[in-house]
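Bear in mind that the values in this text are calculations on the coordinates, not laboratory data. Remember, it's a predicted structure, so these values are computed and weren't measured experimentally. In this analysis, Cβ positions are derived from the backbone assuming ideal geometry, glycine residues included, and neighbour counts consider all displayed protein chains.
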Amino acid sequence: MNTPLSKKLLFVSRKAPYGSSMARDALDALLAASVYDQDLSVLFMGDGVFQLVKDQAAHRAGMKSLAASLPALPLYDIEKIYVQQSALEQRGLADAELVIPATALEDGDITDLMEQQEAMLSF
Amino acid sequence: MNISIALYGAPHSSEASESAYRFAQACCAKGHRVLRIFFYHDGVHNASALSMPPQDETQHTERWQALAGEHNIDLVVCVAAALRRGIVDQDESERYELPSANIARGFEISGLGQLLDAAVKSDRLITFGR
């Protein structure tokens, strides 16, 4: 495919991991994007922060584990991984261990992050 | 301005298809160029040639075909999301030995790279559905 330009693209993932397939679909889209040599970032917001929690037992819900795939992001050269601090706090996860290191951002910093982007892919 | 749309909602189940259509229509009316509509997640159901709503309800699939035909818009359906939900073209039908194909004319099955391509080539990518 001919995608010559390099753009700053932010993937925003806002859904809990297993209530719908949206979180998986967001990850699939992100991994697919990684081969096109763009400037990618990913932000976990709202219920999306649940995707990062350790010790998920997805198989009990008949699902494949997202937590098993997320640590692979750096292997795809996706290193700008952010999480919404207020969403962690609201869900009692402020001290939770996460499956992958993510930079916690206050809501004001998230506004800045979004303003720096050339496009957002929202999930 | 070049605009692309990502649509995640199935027709009839949510407002997403209606909103996306009206937005696309409004863009064209204002002289913007809608490059592509990418159907992902439950949005792939918009591409079914077999949907048959009651006569007094919207026929979303035909409406997309008409808009795309008039304004030369790509209607691209994510292959992985489509296969999971039983939306297949002739090639996929043969590859997986399925009893039939059902993708509507004017829609094209392709990969997630087309979503990224839309984001890169458009001035705006607008998402509908959840």
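Some observations on this one:
- Loop-resident GluC sites (Glu not before Pro) (DSSP state other than H, G, I, E or B) in segment A:1-102 with no more than 14 further Cβ atoms inside 10 Å of their Cβ: A:GLU79, A:GLU97.
- Electrostatic bookkeeping for A:LEU88 treats Lys and Arg as +1 and Asp and Glu as -1; over the other residues with beta carbon under 15 Å from its beta carbon, the sum is -4.
- Cβ-placed point charges (K, R +1; D, E -1), dipole of chain A about Cα centre in debye, nearest 20: 560 debye
- For segment B:31-48, the Karplus equation 6.51 cos²θ - 1.76 cosθ + 1.60, evaluated at θ = phi - 60°, returns couplings of x, 7, 9, 8, 6, 8, 10, 9, 9, 9, 6, 5, x, 4, 5, 4, 9, 6 Hz by residue, with Gly and Pro reported as x.
- Couplings 3J(HN,Hα) for segment A:109-121, derived from phi with the Karplus relation 6.51 cos²θ - 1.76 cosθ + 1.60 (θ = phi - 60°), are 5, 5, 4, 4, 4, 5, 5, 6, 7, 9, 7, 10, 10 Hz, where x marks Gly and Pro.
- Antiparallel content of DSSP bridges confined to the protein assembly as shown, in %, to 5: 5 percent
- Secondary structure note: in chain B, about 5% of the DSSP beta bridges are antiparallel.
- Take the Cα radius of gyration of segment B:2-128 and divide it by 2.2 N^0.38 Å, N being the number of residues; the result is 1.00.
- Alpha-carbon Rg with Dmax, taken over segment A:22-123, Å: 13.5, 40
- Long-range amide H partners of B:THR127 with built H, under 5 Å: B:ALA6
- Counting only DSSP beta bridges with both residues in chain A, the antiparallel share comes to about 5 percent.
- Per residue of peptide A:111-122, the mean number of Cβ atoms on other chains within 10 Å of the residue Cβ is 3.
- Net charge over other residues, Cβ less than 14 angstrom from the Cβ of A:ALA32 (K, R count +1; D, E count -1): -4
- For the protein assembly as shown: rounded, prolate or oblate by the Cα gyration tensor [a/c cutoff 1.5]: prolate
- Average beta carbon contacts from partner chains per residue of B:116-128, 10 Å cutoff: 6
- Highest to lowest packing among B:30-37, B:6-13, A:113-120, scored as the average C-beta count within 10 Å: B:6-13, B:30-37, A:113-120
- ³J(HN,Hα), Karplus 6.51/-1.76/1.60, whole Hz, each residue of segment A:71-77, x for Gly, Pro: x, 7, 3, x, 5, 9, 6
- For B:LEU35, neighbours were defined as the other residues whose beta-carbon sits under 11 Å from its Cβ, and their charges (Lys and Arg +1, Asp and Glu -1) total +1.
- Angle between chain A longest axis and helix A:22-33 axis [Cα atoms, degrees, rounded to 10]: 30 degrees
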